[in-house]
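Below you'll find the structure, written out as structure tokens, and then a few comments.
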Amino acid sequence: MSMFAVDIPYWGQSLLRVLGGTVAVLLPAGTIVYLFLFKMMSFMQSRLGPMEAGPYGSMQLVAEVGKWLQKEDLQPLRADKRIFKIAPLIVLVSTFILVAVVPFGPDAYFTNFQAGIFYALAVSSVSVLGILIAGWSSANKYSLLGGLRAAGQLIAYELPMVLAVIGVVIQAGTLNLQQIVVAQNAGEMFGWNGLGNPYLLTQFVGFVVFMISVQAELTQTPFDMPIAESELVSGYMTEYSGFRFLIFFIAEFANVGVFSLIAAVLFLGGWGIPFSWFGWHSMGDVDNWMNIVGPLIMVTKMIVLSFVVMWVRFSYPRLREDQLQRFAWKVLIPVSLLNIMVTAVLKVIF
Amino acid sequence: MGIAKDFKNGYLSGLGVTMKTFVKTVTPKKMGGGAATVQYPHEKEAPPIRARGVIALREDNCTSCMLCARSCPDWCIYIEGHKELAPPRRAGGAPRKVNKLDRFDIDYALCMYCGICVEVCPFDALFWSPEYEYSEPKIADLLHDKTKLGEWMETVPEAPELEAGAEKKKGK
């Protein structure tokens, strides 16, 4: 937070971080819902989507949130009430603590963990707990089935995700997200540094495996068996209404945004632009204006990646439960293990 | 080989279809793009000429024979009538008896648009009209009386020409 050139007391910094974290979660969520869920999905189905609320329906989300807030807060009679109430909060909170390690610029970060990506992968599985207890506490067989499917799926796809990240970690030689960004932008591919070394190119297999796992972690179609509205009547969300459903809804799309941010950091070079363009060599050379431009670059990359996630979501039908598990264990995990092996060998050779 | 072909034909062409539709929808109407839908209250699609929108009544043709009311699966047609004497057709003849409609109501809250009443009417008193905008805030207002059903007659399109070789109606 040194970018403001004034000394902000610790409580002020904490307040700014909380505010920044809220913005970094809710702004992508709102953008993704409007741009992709409302508009892009409609265009892909040859219709216009919401057009009445605000210009081109841009206020539609405000109307929807207002509608949800007015609804009655229902609970099933036999539900485990206290757990039922906190389940959506657990899911949303995991998103907030996930964004804490994402760097947006050389000094624009919330925390600079040494083991940042390790923390991110660990924390991202907290949302499984929220989903599982939401399914369990609803006292509804469809909710329970949805919750169990979510647990099985999220655990199965966490593995290839972690293994895909290991390739990046080997190549960058660090777990720190900030240093992974620097390693990509200051790096070179076979002696040419015009583009830096975005791991999208040199870790392409890892990128594909990571994005597929993200699709499954976010329970987006074609991996949306836990929600499966046509067979499980929305799975673990069946019994939720009003603002508790709203929290699940926000968490779903905020997670798309945050995972896109993490993927941007890992594979697209994060907030940086290739350092060679401005004659920088390391973190110390980076100019201060990158603290303003960096977040914009991150948001752009986030939108591009979440576009891909949503494009796939709107194009493919749902897999079957056994196909899903087979795909994770028989395809993704062996491929990512192979990727690690090749990366490690090449790292030693070069 | 098989996997690569499946990938191209299944997964990639799937993404291609959605992207093609996306691009077509966002290109302006003038350039041949636009959505397949219309923004309903602002612009309207003309329904097909034989659309089953609302049933119109030609009161003069009705003899209150009750065939329509009896054949209605929902019992949503209410008919009351009485007999009246009309002047004879030829001078010196006996006065004719005609049926006069007191009430002819169709309850569109019940009607399921099967069209059996239109089919069954032997005197061509009932017609389909493609008009569809008659929703009401109160459900009771969906009961259309004979004046309102008569007004719908203006919206009934001309009967289309019979196909070549179709059986002609036998005249007297």
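The values are calculated or read from the model by the stated rules, or taken from the named source; none is laboratory data. All values derive from a computational prediction rather than experimental measurement. We place every Cβ from the backbone using ideal geometry, glycine too, and count neighbours over all the protein chains shown.
One table, with the values for the structure above:
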quantity	calculated
Conditions (1) within 14 Å of chain B (Cβ to nearest Cβ); (2) buried (at least 16 other Cβ atoms within 10 Å of the Cβ); number of the one not met by A:Gly30	(1)
Residue in region A:243-258 that is surrounded by fewer than 23 Cβ atoms within 10 Å (Cβ to Cβ), touching a Leu at 6+ places or on another chain (Cβ under 7 Å) and farther than 23 Å from A:Leu35 by Cβ present	yes
Residues satisfying the stated conditions in region B:8-51, i.e. more than 13 Å from A:Phe43 (Cβ to Cβ), at the interface with another protein chain (Cβ under 8 Å from one of its Cβ atoms) and within 33 Å of the chain's Cα centre (by Cα)	B:Gln39
Region A:43-58 residues that are at the interface with chain B (Cβ under 7 Å from one of its Cβ atoms) and free of Cβ contacts under 8 Å to residues at least 24 places away in the same chain, paired with ones that are of a type in the set (A, V, I, L, M) and surrounded by 18 or more Cβ atoms within 10 Å (Cβ to Cβ) (beta carbon under 6 Å, 6 or more apart)	A:Ser46/B:Ala35; A:Arg47/B:Ala35; A:Leu48/B:Ala35
Counted residues, region A:226-237 - those being polar (S, T, N, Q) and under 14 Å from A:Leu148 (Cα atoms)	1
Restricting region A:59-81 to residues that are among the small types (Gly, Ala, Ser) and over 21 Å from B:Gln39 (Cβ atoms), the residue that is farthest from the other protein chains (Cβ to nearest Cβ)	A:Ala79
Residue within region A:328-335 that is of a type in the set (Val, Ile, Thr), within 14 Å of chain B (Cβ to nearest Cβ), surrounded by fewer than 23 Cβ atoms within 10 Å (Cβ to Cβ) and farther than 27 Å from A:Lys39 by Cβ present	yes
Lone unmet requirement of (1) under 21 Å from the mean Cα position of the chain (by Cα); (2) more than 14 Å from chain A (Cβ to nearest Cβ) for B:His82	(1)
All helices (runs of 4 or more DSSP H) inside region B:1-112 with 3 or more residues being of a type in the set (Ser, Thr, Tyr) and within 30 Å of A:Leu319 (Cα to Cα)	B:13-26
Among the residues listed as A:Leu159, A:Leu154, A:Leu175, A:Leu121, the single one being within 27 Å of A:Met341 (Cα to Cα) and part of a loop (DSSP other than H, G, I, E, B)	A:Leu175
Verdict on A:Met302 being under 30 Å from A:Ala87 (Cβ atoms) and crowded, with 19+ Cβ neighbours inside 10 Å	yes
Matching option when the condition is under 18 Å from A:Phe245 (Cβ atoms) and at pLDDT 85 or above, among A:Ile83, A:Ile97	A:Ile83
Residue in region A:136-145 that is over 15 Å from the mean Cα position of the chain (by Cα) and of a type in the set (Phe, Trp, Tyr) present	yes
Residue within region A:12-21 that is more than 14 Å from chain B (Cβ to nearest Cβ), within 30 Å of A:Val304 (Cβ to Cβ) and modelled with pLDDT of 85 or more present	yes
Unique match (being of a type in the set (Gly, Ala, Ser), within 19 Å of A:Thr22 (Cβ to Cβ) and surrounded by fewer than 21 Cβ atoms within 10 Å (Cβ to Cβ)) among A:Ala108, A:Ala79	A:Ala108
Residue within region A:305-322 that is in contact with a Lys or Arg (Cβ under 9 Å, 6 or more places away or on another chain), of a type in the set (A, V, I, L, M) and in contact (Cβ under 8 Å) with a residue 40 or more places away in the chain present	no
Residues (crowded, with 22+ Cβ neighbours inside 10 Å, in contact with a Leu (Cβ under 7 Å, 6 or more places away or on another chain) and not in a helix (DSSP H, G or I)) located in region A:200-240	A:Phe223, A:Met225
Count of residues meeting criterion [surrounded by 15 or more Cβ atoms within 10 Å (Cβ to Cβ) and on the phi > 0 side of the Ramachandran plot] in region B:114-152	0
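Conditions tested, residue by residue: (1) surrounded by fewer than 19 Cβ atoms within 10 Å (Cβ to Cβ); (2) acidic (Asp, Glu); (3) within 14 Å of chain B (Cβ to nearest Cβ).
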site: A:Pro274; (1), (2), (3): no, no, no
site: A:Trp277; (1), (2), (3): yes, no, no
site: A:Gly284; (1), (2), (3): yes, no, no
site: A:Asp287; (1), (2), (3): yes, yes, no
site: A:Pro317; (1), (2), (3): yes, no, yes
site: A:Phe350; (1), (2), (3): yes, no, no
